[in-house]
Amino acid sequence: MRLQQLRYIREVVRQGFNVSAAAEALHAAQPGVSSQIQALERELGVRIFERKGKRLTGLTRPGQIIAEAAERVLREVENIRRVGAEFSNERAGTLSIATTHTQARYVLPPVIKTFTERYPEVRLDIRQGNPVQVSQMAVRGEADLAIATEAIERFEELVMLPCYQWNRCVVVPPGHPLTRERPLTLEAIARHPIITYDFAFTGRSKINQAFEARGLEPNVVLTAIDSDVIKTYVELGLGVGILAKMAYDPQRDAPLVALDASHLFEPSTTRIGIRRGSYLRGFVYGFIELFAPHLTRQAVDAAMQAGLRR
């Protein structure tokens, strides 16, 4: 049994049992991947994958156990590498962060600026996606940290560290009727076309829940994954925008007016997700504390230890 065989099994599962896609992801030849899987099956004396002709269609019962064990083994191998890297050079390496557009555009820049000044030998890799996608990247080990809101809490494979709470604002052109509403109400907002986030992004469910609780059906005419896109279409007069308050800057977004809506919606919590059992290098702790000062190394270790006991 070789580690490479375990990597092939893991990647085939990740790629939906598509051997060609797994081979491409691992920069290997498809026949080699297939032959190594078959060799491991012969060695173990069981079939790992269900087959229909030459096509893999799923995992057998022993295959499910083997795939889970392979994942654990490869995770520990990666931890061993990280330990070696930590003690050979504590301030050099790569930090991969998976996050949403809102976090990457509006929250992370000052954190990353300070981090790069403190750890100039660390290469940062920032990947973007919706909360489900970024959580999956952390679960699969493609990212060291996932930073997102809401959906991240549904992944049991991740230790979740609450960072901060935030709420929303409504953006409109100057002179819009909503600027004269005192106080701003959901009923008033519902009378206008609405532009807001795609349902998978940035606390959209909190917006829906607020309207539903008042028996209102908002007229959402356009959704986007990008706060800047929302503001652009509000400027064009397509509707009123509901977005994260952090995404509005009075100077940069001067063509628009922001109306506080924090009294209308439940606050959302941004969290950092870390795969359970991960070994964290010193600069990872440094980044986490820069992003959320209350998450000291001691606090993170306590959360990781509690995660291992689950």
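Values as computed for the structure displayed
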{"quantity": "Stokes-Einstein D in µm²/s, Kirkwood radius over Cα pairs - the chain at 20 °C with 1.002 mPa s viscosity", "calculated": "97"}
{"quantity": "Positive-end residue of 39, 99, 195, charge dipole of the chain with Cβ unit charges", "calculated": "39"}
{"quantity": "Pairs of alpha carbons in region 159-310 whose separation is greater than 24 Å (percent)", "calculated": "43"}
{"quantity": "Sum of -39500 (n - 2.57) over DSSP H runs of 4+, divided by residues of the chain (222 nm, nearest 500)", "calculated": "-13000 deg cm²/dmol"}
{"quantity": "Solvent exposure ordering (accessible area, 1.4 Å, most first) of 231, 54", "calculated": "54, 231"}
{"quantity": "Protein accessible area in the chain, 1.4 Å probe - carbon and sulfur %", "calculated": "50"}
{"quantity": "Residue-normalised accessible area of region 36-108, expressed per residue, 1.4 Å probe, Å²", "calculated": "55"}
{"quantity": "Peptides ranked, highest mean first, by Cβ atoms within 10 Å: ranges 172-180, 264-272", "calculated": "264-272, 172-180"}
{"quantity": "Estimated dipole of the chain in Debye, rounded to 20 [Cβ of Lys and Arg +1, of Asp and Glu -1, Cα centre]", "calculated": "800"}
{"quantity": "Length gained when the stretch residue 113-residue 191 is fully extended (0.36 nm per residue, less Cα-Cα span)", "calculated": "23.9 nm"}
{"quantity": "Estimated dipole of region 230-310 in Debye, rounded to 20 [Cβ of Lys and Arg +1, of Asp and Glu -1, Cα centre]", "calculated": "640"}
{"quantity": "Only Lys, Arg (+1) and Asp, Glu (-1) charged, at Cβ; region 183-283 dipole about Cα centre in debye", "calculated": "580"}
{"quantity": "Hits among aspartates and glutamates - C-alpha to C-alpha of residue 206 under 17 Å, sequence gap 8 or more where chains match", "calculated": "150, 153, 187, 198, 217, 260, 266"}
{"quantity": "Gained length - residue 123 relative to residue 38, 0.36 nm times residue gap less alpha-carbon distance", "calculated": "26.8 nm"}
{"quantity": "Computed accessible area, residue 259, all protein chains, 1.4 angstrom probe, square angstrom", "calculated": "30"}
{"quantity": "Farthest positive-ward along region 162-256 dipole, Cα basis, beta-carbon charges - from 233, 177, 248", "calculated": "177"}
{"quantity": "Stretchable slack from residue 55 to residue 179, in nm (0.36 nm times residue separation minus alpha-carbon distance)", "calculated": "38.6 nm"}
{"quantity": "Estimated distance in nm for a label pair at residue 222 and residue 251, the labels positioned 7 Å out from Cα along Cα-to-Cβ", "calculated": "2.7"}
{"quantity": "Estimated FRET transfer efficiency (residue 301, residue 269; beta-carbon r; R0 22 Å; 0.05)", "calculated": "0.55"}
{"quantity": "Residues of region 233-272 with amide N under 16 Å of the 7 Å Cα→Cβ point at residue 214", "calculated": "240-243, 259-267"}
{"quantity": "Calculated FRET value between residue 83 and residue 46, using beta carbons and R₀ = 30 Å, to 0.05", "calculated": "0.35"}
{"quantity": "Region 1-90, Cα convex hull volume normalised per residue, Å³", "calculated": "98"}
{"quantity": "Between 0 and 90°, nearest 10: helix 282-291 axis offset from the chain longest Cα axis", "calculated": "20"}
{"quantity": "Options 73, 28, 16, ranked by Cα towards positive dipole end of region 1-84, top entry (Cβ charges)", "calculated": "16"}
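The values are calculated or read from the model by the stated rules, or taken from the named source; none is laboratory data. What you see is a predicted model; the values in this text were computed from it and never measured. Note: ideal-geometry Cβ built from the backbone for every residue, glycine included; neighbour counts use all protein chains shown. We work out accessible area using only protein heavy atoms, side chains counted, and drop any ligands, DNA or RNA first. Shrake-Rupley method; radii C 1.70, N 1.55, O 1.52, S 1.80 Å.
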